Amino acid sequence: MRHLISIQDLTDKDLIQLTDKAAGMKLPKATSVDPKKPAVSLIFAEPSTRTRVSFERAAQLGGRHTTLLQATGSSLEKEESLEDTLCNLARYGFGVHVIRQSKTGALEALRALGCGSIVNAGDGTGEHPTQILGDITALKRWGKKTGRKSVEGLKLAIAGDIRRSRVAASWAKAASRLGVQLMFFCPHEWRPLGWGEKIAWSDKKEDLNSVDGVMALRIQKERMQPGEEWIMDDFVGKFQITPQDLLEQQFLMHPGPVNWGVELAPVLRSDPRSLILEQAESALFVRYLLLDWLDA
Ligand code: CP
């Protein structure tokens, strides 16, 4: 039974093939429900728009039934465990479980449960592997437009609240496998610990000129520790990405949701360098393909 709990669950070949194929895709035509395909449960104990809706749409376009369980209104609210939840859903034909929840690393315990394939849709500050599959796909689509054959050798700055970012954590594990060079641009206090010494770090905006593009991250106020608010006083002035911080040929990314006016200047919403909506669309394509990969 296949799972995608960490980006490391994909071999290099899977990682390249899924994103190559997604980069060449258009929105598939909806097919009728195929009773042979496992239905998909969407278990979202934390808020989500992009991940939840794109998985739901991907499942529907691929001919699968879906169901949604949220933190309120399901027996998760009565503290039923994920283990019991999944094994009950498995008896109803749900063979894939896309799960977002707040406990970092908690999905590992479900790997050997035998009640369906687990997809990590974001676990606390742990990982968000399908987000970076969408990001890689968006970069490959950008490469097709700009004449770059591969993401190998690409230099990507990731900016903002790195230490708490599950997107940055998945990127830190995958970048060297793809030949992508990462630079973290953030306040010293938000620099991650123990993520590998090879990743460059900077708190100087002029260093952004040395990369191919910048991906800003959402400031996660809900996960901030008491006493960290002072960092925010400085953040907008020193770390917010503005149009002037980007060269003409650079791209801008953000996994969403964006706090306009905090990590990104609002005027960037319509900037031609932005790949933000391509990221969202690319994530739909690669999630569509991922559901078939889980069945294999
Ligand atoms: N990028 C992302 O995970 O967005 P949502 O929180 O809206 O799913």
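A compact table of results
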item: Total residues in the range 91-122, condition open to solvent by 10 Å² or more (accessible area, probe 1.4 Å) and out of contact with any Pro (no Cβ under 9 Å at 6 or more places or on another chain); result: 15
item: Filtered residues of the range 132-162 (kept if over 15 Å from the mean Cα position of the chain (by Cα), outside any helix (DSSP H, G or I) and charged (D, E, K, R)); result: Arg148, Lys149, Glu152, Lys155
item: Test: Glu278 is among the charged types (D, E, K, R), surrounded by 19 or more Cβ atoms within 10 Å (Cβ to Cβ) and within 30 Å of Gly63 (Cα to Cα); result: yes
item: Any hit, the range 186-200, residues being surrounded by fewer than 23 Cβ atoms within 10 Å (Cβ to Cβ) and among the acidic types (Asp, Glu); result: yes
item: Residue list for the range 245-294, filter: β-branched (Val, Ile, Thr) and over 12 Å from Leu139 (Cα atoms); result: Val258, Val262, Val267, Val286
item: The range 95-117 residues that are small (Gly, Ala, Ser), paired with ones that are within 16 Å of the ligand (Cβ to nearest atom) and open to solvent by 40 Å² or more (accessible area, probe 1.4 Å) (beta carbon under 8 Å, 6 or more apart); result: Ser102/Ala45
item: Unmet requirement for Val40, which otherwise passes all of (1) β-branched (Val, Ile, Thr); (2) open to solvent by 10 Å² or more (accessible area, probe 1.4 Å); (3) more than 13 Å from the ligand (Cβ to nearest atom); result: (2)
item: Any chance Thr125 is under 15 Å from the mean Cα position of the chain (by Cα), within 16 Å of the ligand (Cβ to nearest atom), touching a residue at least 40 places away in the same chain (Cβ under 8 Å) and assigned to a loop (DSSP other than H, G, I, E, B); result: yes
item: Matching residues in the range 94-122 - criterion: being more than 16 Å from the ligand (Cβ to nearest atom) and touching a His at 6+ places or on another chain (Cβ under 7 Å); result: Arg111, Gly116, Ser117, Ile118
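For every residue, the table says whether it meets (1) acidic (Asp, Glu); (2) in contact (Cβ under 8 Å) with a residue 40 or more places away in the chain.
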{"site": "Val33", "(1), (2)": "no, no"}
{"site": "Lys36", "(1), (2)": "no, no"}
{"site": "Arg52", "(1), (2)": "no, yes"}
{"site": "Leu61", "(1), (2)": "no, yes"}
{"site": "His65", "(1), (2)": "no, no"}
{"site": "Ser75", "(1), (2)": "no, no"}
{"site": "Glu79", "(1), (2)": "yes, no"}
{"site": "Ala121", "(1), (2)": "no, yes"}
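Residue by residue, here is whether (1) charged (D, E, K, R); (2) within 16 Å of the ligand (Cβ to nearest atom); (3) within 16 Å of the chain's Cα centre (by Cα); (4) surrounded by fewer than 18 Cβ atoms within 10 Å (Cβ to Cβ) holds:
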site: Asp14; (1), (2), (3), (4): yes, no, no, yes
site: Val33; (1), (2), (3), (4): no, no, no, yes
site: Ala59; (1), (2), (3), (4): no, yes, no, no
site: Gly62; (1), (2), (3), (4): no, no, no, no
site: Leu68; (1), (2), (3), (4): no, yes, no, yes
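The values are calculated or read from the model by the stated rules, or taken from the named source; none is laboratory data. None of these values were measured; they are calculated from a predicted model. Cβ: placed from backbone, ideal geometry, glycine included. Neighbour counts: every protein chain shown. Each accessible area value is taken on the protein alone, full model and side chains, heavy atoms only, with ligands, DNA and RNA left out. Shrake-Rupley method; radii C 1.70, N 1.55, O 1.52, S 1.80 Å.
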